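Reading through the structure tokens given below for one structure.
The values are calculated or read from the model by the stated rules, or taken from the named source; none is laboratory data. Everything numeric here is computed off the predicted structure, so don't read it as measured data. Every residue, glycine among them, receives a Cβ derived from its backbone with ideal geometry; neighbour counts consider all protein chains shown.
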Amino acid sequence: MNPARRAGLAGAALVAAAVGAAAGMAAERVVVGRPLRRGETPGGRLGLGQLRGTPQVVQLDDGVELHAEVDEPHPAAQWRALTVVFVHGYALNQDCFHYQRLALRGTVRLVFYDQRSHGRSGRGAPAFSTMDQLAADLEAVLSAVVPTGPVVLVGHSMGGMTILELARRAPQLFGERVVGVALISTSAGEMSDVTLGLPAFAARTLRTLAPSVIQIGRRTTQLLERSRHFSSDLAVLVTRVYAFADDVPVELVDFSLEMINATPLDVLADFLPALGDHDVFDALDVLNGTETLVLVGAQDLLTPAEHSRMLVKGIPGAELEVLDPGGHLVMLERSDDVNGHLIDLLERVARGLALEE
């Protein structure tokens, strides 16, 4: 049997093992004890991901165009001089901040954008699927859409990693332009040690086989893209396990899966090595003096709470909030709590700016 065929079969076996573990967890969490509910999403399914702002195009040096949107504050808003920039995570898009956008609209200037190769943004070359490039993209967004005034950056997962990479790339921005940071369900590094809730042997096998499976996946993208839609029930189940910890309406699961399925598989493959190589522990002290919120779900399987605790150890004065229960998409699952902590952060930032005036 040729090596590619062996790698493909091994990858398939690993996927089956991972799915089996996930399905087992799902059966325990969902099917037996807490079945998914329909029609109980706050505000209903109507409106999820449908909030839109004034569109702007950010042209990058490599020719990629990023899709950004701006929600301007009311003229009399207390925080109208402040801009909050939201940076989404891997396989998602700006709509994952739906409830934060809904809660903050009108009170402060809001900027959302889709990271390269995600959402409505243009496709980047595989060679530029790096954390340093994502940080450069964020810097370009700030220059184009927020050229002046104080900024608060809010990042989820890979978006939080993007912000931390920006701290290493452009430390002069923090404390001067960037006056506040919220790091949600993210990490400074050691992502290769995350077990994803799988048995240790399965996690080790996944890390060993991932490079071969990724290369095979790139050559069979069209076939895989078609097949990912044939197992919708299983996909919902696995998304439910890895995105959420508590009983949530199935509409939230569907919404999350829509964003994931809209991200091409080869884009997921292109960015996967960047997540594994991510290491910015040496840049955490750049955030010293910047109001920083670190927030995570207690049951997050993708960026475990221990990674947030490590962030707080490296950022003097950072606030840690662990929401229990809470999974990886905590901003959807625990939106009211996340919104409350973000508002607290903005209030602290506003007080600090007033003291300096």
Can you tell me how many residues in segment 346-357 are closer than 14 Å to Val181 by Cβ, of a type outside the set (A, V, I, L, M, F, W, C) and either at pLDDT 95 or above or not in a helix (DSSP H, G or I) (or both)? 1
When segment 275-298 is checked residue by residue, the ones that are crowded, with 17+ Cβ neighbours inside 10 Å and part of a loop (DSSP other than H, G, I, E, B) are His278, Val280, Thr290
Just wondering, is there one or more residues in segment 322-345 that are in contact (Cβ under 8 Å) with a residue 12 or more places away in the chain, closer than 24 Å to Val179 by Cβ and in a strand (DSSP E or B)? no
Select from segment 299-312 the residues that are within 19 Å of Leu345 (Cα to Cα) and of a type outside the set (S, T, N, Q) and write down the one among them that is surrounded by the most Cβ atoms within 10 Å (Cβ to Cβ). Leu311
Given (1) closer than 16 Å to Met191 by Cβ; (2) surrounded by 16 or more Cβ atoms within 10 Å (Cβ to Cβ), Glu251 misses just (1)
Check segment 165-176 and report whether any residue there is modelled with pLDDT of 95 or more, within 16 Å of the chain's Cα centre (by Cα) and part of a helix (DSSP H, G or I). yes
